[in-house]
Structures are given as structure tokens and as C-alpha cells.
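Take a look at the structure below.
No value in this document is a laboratory result; all are computed from the given coordinates. Only a predicted model underlies this, so the values are computations on that prediction, with no experimental measurement involved. Virtual Cβ from ideal backbone geometry, glycine too; neighbours counted across all protein chains shown.
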Amino acid sequence: MEDPEAHLTAFHTRMMLVGGFDAVRCKLFMSTLTGMAMDWFISLPEGHITSFAQLSRLFREQYLANRAPAPVSYDLFDVKQYQGKTLKEYISRFGAQVVKVATTDEPMIVYAFRKGVRPGSFIKSLNRARPKTFAEIRR
């Protein structure tokens, strides 16, 4: 059900710690699968997989529909400070989204942040200070 790229990335990260040859990676990858993904793996013809690169490609193809859309910079405008949520929580969620979209357009980041923050004393202080970067907002 999850993004196949996220699953493969997590697996590669663990494998970097333990090492292992191609055949070992193929066998260990099976241990990360459950449910329908395990059924898919078991249904592969015996001897069909000859490398982990091939297994990764087949896995990506099988679960392509589960792939998360690539984040875009305008996704920052979807992050809002909801009623009852603290400014700290909003800044944390907004900062996480900035990392995901990997944009360096500071004026847009600042503008999106200002659009998402609830009216109050903090937004008034932003209006006075006129920060130019997200780092200045956090400070």
C-alpha cells in the first residue's frame, strides 16, 4: 500500500548498515514484504530473479500506482496552522514540507508561510519585521 520508492529506500538504508551480496539482498528483501506484496513475490516464477536491480525494477513496476506524486513547491500553500494547533507545530510541519519540496525560492517560502499562519500576534510581528527567509522566521 505504500510508495514502492519509500519501501526500497528504507530497505537500501538498512542494507548499507549490514552489507551483503546481491543474492542476500534479494532474500532479505522478501522479509520486508507482507500481505499482497508477499503474495506477489511468491508468485514470481522460481529462478526468475537474477539480481536485486531486477527485483527492484519489478517491484517498482508492480506497485507503480502506489507511488506518491512528487512534491512541488506550491504544496507549501497547503500547509495551514489549524485552530487549536500551536505555532511550534505549524512551523515544524511547514519546515518538513519545505524539505520535501526542495525549493530554494525564499520569497515564495515566506509568502506561503504567511498565508498559512493564523492571524494573531505572530503574524503582526512578521508584518513589522518583514523576514526574507524561512530561517529568519524561525529565529
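Key figures
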| quantity | calculated |
| --- | --- |
| Ratio of Rg to Rh over the stretch 98-139 (Cα coordinates, Kirkwood Rh, two decimals) | 0.96 |
| Computed [θ] at 222 nm, deg cm²/dmol, the chain (DSSP H ≥ 4; -39,500 (n - 2.57); rounded to nearest 500) | -18000 deg cm²/dmol |
| Of ARG118, ARG25, ARG128, the one that fluctuates the most in a GNM where the chain has Cα springs shorter than 10 Å | ARG128 |
| Where GluC sites (Glu not before Pro) in DSSP loops with at most 15 other Cβ within 10 Å are excluded, longest remaining stretch of the chain | 47-139 |
| Residue with peak Gaussian network fluctuation, the chain [Cα springs, cutoff 10 Å], from GLN97, GLN54, GLN83 | GLN83 |
| Relative contact order, percent, the chain [alpha-carbon distance under 8 Å, six or more residues apart] | 23 percent |
| Mean Kyte hydropathy of -1.0 or more with a Cα span along the axis of at least 20 Å, helices from DSSP in the chain | 4-18, 87-101 |
| Whole-number percent relative contact order across the stretch 4-66, with pairs defined as alpha carbons under 8 Å at least 6 apart | 52 percent |
| Percentage relative contact order, the stretch 79-128, counting C-alpha pairs under 8 Å, at least six apart | 48 percent |
| Estimated FRET transfer efficiency (HIS12, SER43; beta-carbon r; R0 22 Å; 0.05) | 0.40 |
| Net lengthening on full extension, LYS85/LYS115 (0.36 nm per residue, minus Cα-Cα) | 9.2 nm |
| DSSP-loop chymotrypsin sites (Phe, Trp or Tyr not before Pro) across the stretch 46-139, with at most 16 other Cβ within 10 angstrom | TYR82 |
| Distance from the stretch 88-139 to the stretch 1-42 (C-alpha centre basis), Å | 37 Å |
| Gaussian network model of the chain, springs between alpha carbon atoms under 10 Å - residue of PRO107, PRO71, PRO45 with greatest fluctuation | PRO45 |
| Cα-based radius of gyration of the chain once divided by 2.2 N^0.38 Å, which approximates compact folds | 1.50 |
| Loop sites in the stretch 1-48: chymotrypsin sites (Phe, Trp or Tyr not before Pro), DSSP, at most 13 other Cβ within 10 Å | PHE21 |
| FRET efficiency, 1/(1 + (r/R0)^6) with R0 22 Å, evaluated for ASP3 and ASP78 via beta carbons | 0.75 |
| Shape call, the stretch 4-66: gyration tensor on alpha carbons, a/c limit 1.5 | oblate |
